[in-house]
Amino acid sequence: MATERTFSMIKPDATKRNLTGKINAKFEDAGLRIVAQKRLHLSKAQAGEFYKVHAERPFYDELCEFMASGPVVAQVLEGENAIAKNREVMGATNPADADEGTIRADFAESVGENSVHGSDAPETAKEEISFFFSGLEIVG
Ligand code: DAT
Ligand code: MG
């Protein structure tokens, strides 16, 4: 295992319910360090660009509308095995399938409004981090 960085985003359903601190506590309790963080309100076009890998999926339009419906918190998380560890802390995409104590089990409202995004592999982590952050904004 090596120290890794991953991209995380707290989604509008969670920022609207004032859950940023509670979600960050779960990252920190799991040993993930928040080495960059900023609050943004994405346009639908920016959300579409970020999620373009899902452009052909039936829920794409709904997903982009939702991601532009309120503020998000974009983050870089650092730690041992950070990509996999973050996915564990997040829980399954559908909160009905998420393990007890995960962010999605505790906070997500539905499969679409599921409180957090996390990169799924080293290549996507790198791309997603550079979509939102310059090197100077990441302080390990
Ligand atoms: P994850 O966010 O766990 O990586 P994903 O990459 O498969 O999941 O999908 C990206 C987002 O798209 C997901 O967080 C919520 C939305 N989504 C996925 N499947 C969906 C579905 N069946 N209906 C509505 N939204 C969905
Ligand atoms: Mg994904």
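The values are calculated or read from the model by the stated rules, or taken from the named source; none is laboratory data. Note that the structure is predicted; figures quoted are calculated from it, not measured. As a convention, Cβ positions derive from the backbone with ideal geometry for all residues, glycine included, and neighbour counts pool all protein chains shown. The area values use the complete protein model at the heavy-atom level, side chains included, leaving out ligands, DNA and RNA. Shrake-Rupley method; radii C 1.70, N 1.55, O 1.52, S 1.80 Å.
Inside region 63-83, can you point out the residues that are within 13 Å of ligand 1 (Cβ to nearest atom) and closer than 24 Å to Gly31 by Cα?
Of region 63-83, the ones within 13 Å of ligand 1 (Cβ to nearest atom) are 63-67, 72, 83.
Val72, Ile83, listed by residue number.
Within region 79-113, count every residue that is more than 14 Å from Ile10 (Cβ to Cβ) and touching a Leu at 6+ places or on another chain (Cβ under 7 Å).
4
Being among the charged types (D, E, K, R) and without any contact (Cβ under 8 Å) to a residue 40 or more places away in the chain is the filter here, so list the residues in region 3-37 that pass it. Can you show your working first?
First pass over region 3-37, keeping only residues among the charged types (D, E, K, R): 4-5, 11, 13, 16-17, 22, 26, 28-29, 33.
Those that are among the charged types (D, E, K, R) and without any contact (Cβ under 8 Å) to a residue 40 or more places away in the chain: Glu28, Asp29.
Return the pairs, sorted by first residue and then second, in which the second residue is open to solvent by 80 Å² or more (accessible area, probe 1.4 Å) and within 10 Å of ligand 1 (Cβ to nearest atom), the first residue lies in region 109-129 and is touching a residue at least 24 places away in the same chain (Cβ under 8 Å), the beta carbons are less than 6 Å apart, and the residues are 6+ apart or on different chains.
Close Cβ pairs (under 6 Å, with a partner that is open to solvent by 80 Å² or more (accessible area, probe 1.4 Å) and within 10 Å of ligand 1 (Cβ to nearest atom)) amount to Gly118/Arg87.
Based on this model, can you work out whether Glu127 counts as within 13 Å of ligand 1 (Cβ to nearest atom) and not in a loop (DSSP other than H, G, I, E, B)? Before you say what the answer is, go through the steps one by one.
Working: within 13 Å of ligand 1 (Cβ to nearest atom): no; not in a loop (DSSP other than H, G, I, E, B): yes.
Answer is no for this residue.
Of everything in region 86-103, what is more than 8 Å from ligand 1 (Cβ to nearest atom) and not polar (S, T, N, Q)? Give them in sequence order.
Taking region 86-103 as the starting set, the residues that turn out to be more than 8 Å from ligand 1 (Cβ to nearest atom) are 86, 88-89, 91, 95-103.
Answer for region 86-103, where residues must be more than 8 Å from ligand 1 (Cβ to nearest atom) and not polar (S, T, N, Q): Glu88, Val89, Gly91, Pro95, Ala96, Asp97, Ala98, Asp99, Glu100, Gly101, Ile103.
When residues of region 53-88 are filtered for being in contact (Cβ under 8 Å) with a residue 40 or more places away in the chain and touching a strand residue (DSSP E or B) at 6+ places or on another chain (Cβ under 8 Å), how many remain?
Selection size over region 53-88: 15.
Restrict the check to region 117-130 and report whether at least one residue is within 14 Å of ligand 2 (Cβ to nearest atom) and loosely packed, with under 11 Cβ neighbours inside 10 Å.
Looking through region 117-130, at least one residue is within 14 Å of ligand 2 (Cβ to nearest atom) and loosely packed, with under 11 Cβ neighbours inside 10 Å.
Of everything in region 76-94, what is within 15 Å of ligand 2 (Cβ to nearest atom) and either of a type in the set (Gly, Ala, Ser) or more than 12 Å from Thr6 (Cβ to Cβ) (or both)? Give them in sequence order.
Scanning region 76-94 gives Ala84, Gly91, Ala92, Thr93, Asn94.
Filter region 103-112 down to residues that are in a loop (DSSP other than H, G, I, E, B) and within 15 Å of ligand 2 (Cβ to nearest atom), then give me how many there are. So that I can check it myself, show each step before the final result.
If we filter region 103-112 for residues that are in a loop (DSSP other than H, G, I, E, B), which is where we start, we get 108-112.
Next, only the ones that are within 15 Å of ligand 2 (Cβ to nearest atom) stay: 108, 111-112.
Counting residues in region 103-112 that are in a loop (DSSP other than H, G, I, E, B) and within 15 Å of ligand 2 (Cβ to nearest atom) gives 3.
Helices (runs of 4 or more DSSP H) wholly in region 1-95 with at least 2 residues that are open to solvent by 30 Å² or more (accessible area, probe 1.4 Å) - which ones?
On the way: elements: 12-16, 20-29, 44-50, 60-67, 82-90.
Qualifying helices (runs of 4 or more DSSP H): 20-29, 44-50, 60-67, 82-90.
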